[in-house]
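The values are calculated or read from the model by the stated rules, or taken from the named source; none is laboratory data. Predicted model only: the values in this text are computed from it and were never measured. Here the Cβ positions follow ideal geometry from the backbone for every residue, glycine too, while neighbour counts run over all protein chains shown. Side chains included, ligands, DNA and RNA excluded: accessible areas come from the protein's heavy atoms. Shrake-Rupley method; radii C 1.70, N 1.55, O 1.52, S 1.80 Å.
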Amino acid sequence: FEILSNLTESSAWELDVSSGYCWCNSKIISSVSGLSDNIHLPLLQTVRHIHPDDLGETLDHLRSQIKRGELNFRKDLRILRDEEYVWSEVIAKISLDAEDRLSKMAGIIIDIQERKKKEQKLYREATLDPLTGIANRGSFNNRFMQMMHEFKDEGALFSLLLLDIDHFKKVNDTWGHGIGDQALKHVTQIMQNTLREGDFAARFGGEEFAILLNSDTPDTPVNVAERIRCNIEASPLVTSDGNVPLT
């Protein structure tokens, strides 16, 4: 295991429900060298080392596997190490008691920080507009189809807003493409600050944007659109060469 550990940045662990403790290699929870390899944690303290956003999903995943009789467990989650959550791949064998309840889990934990960084980078490149940082057209298409399904299945109302910066070619021709890029980011920021939680904005291409709103009443999209329009008009882009009016 020492060879495997050094090759894969992995650490061993075992959870025993009957004793109420989890044994683990010290590297799982601390990068400080010289600690005992035999760290014992109560189950409650063990659970507290899992990121709160990952805990519920992990427990649901475990219950679902046990219910289906699948005893090979594998999950990516964030584990607290030295006051920082670290992405880790948890691989374990599940052991059940005579009544098919969880008795033990034992396996390894692999540090996957670098892999997660690469995955997140690829995800951003695939789903976000590189200039403005909001969703790209592909992400918009996926979200639109999702909201269409929710409307058909549950009757959930939504609205679509389309936004186009006025005379944007003139902005580029007069001030240059660098200022044009700043204008796009400026409008995006105003738009995001104006939208409500749950609303979805995307850059459709060029100076065109699309917004999906959860609409309770027919007045909702009109009111939101007017707020965005007024806020953009009232907030020219400030540059070292002067203010660029935008509508």
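For the range 107-117, the candidate set comprises residues that are open to solvent by 40 Å² or more (accessible area, probe 1.4 Å) and over 15 Å from Lys27 (Cβ atoms); within that set, the residue that is nearest to the chain's Cα centre (by Cα) is Lys117. Of all residue pairs spaced 6 or more apart or on separate chains, those with beta-carbon atoms under 7 Å, a first member in the range 51-62 that is of a type outside the set (Phe, Trp, Tyr) and a second member that is in a helix (DSSP H, G or I) and surrounded by 12 or more Cβ atoms within 10 Å (Cβ to Cβ) are Leu55/Val47.
Scanning the range 129-148 for residues that are in a helix (DSSP H, G or I) and among the hydrophobic types (A, V, I, L, M, F, W, C), we see that the one that is nearest to Glu208 (Cα to Cα) is Phe140.
The residues listed here are Ala98, Ala126; of these, the one that is loosely packed, with under 11 Cβ neighbours inside 10 Å, closer than 30 Å to Ala210 by Cβ and either in contact (Cβ under 8 Å) with a residue 60 or more places away in the chain or of a type in the set (Gly, Ala, Ser) (or both) is Ala126. Those strands (runs of 3 or more DSSP E) of the range 151-239 in which at least 3 residues are open to solvent by less than 20 Å² (accessible area, probe 1.4 Å) and out of contact with any His (no Cβ under 8 Å at 6 or more places or on another chain), considering only elements entirely within it, cover 208-214. Determine whether Arg74 is of a type in the set (Lys, Arg) and open to solvent by less than 70 Å² (accessible area, probe 1.4 Å). Taking the combined requirement at face value, the residue does not satisfy it.
Given the residues Gly242, Gly205, which is the only one that is among the small types (Gly, Ala, Ser) and touching a residue at least 12 places away in the same chain (Cβ under 8 Å)? On inspection, the qualifying residue turns out to be Gly205. If we scan the range 140-155, do we find a residue that is touching a strand residue (DSSP E or B) at 6+ places or on another chain (Cβ under 9 Å) and of a type in the set (Gly, Ala, Ser)? The answer is no, given that none of the residues of the range 140-155 is touching a strand residue (DSSP E or B) at 6+ places or on another chain (Cβ under 9 Å) and of a type in the set (Gly, Ala, Ser).
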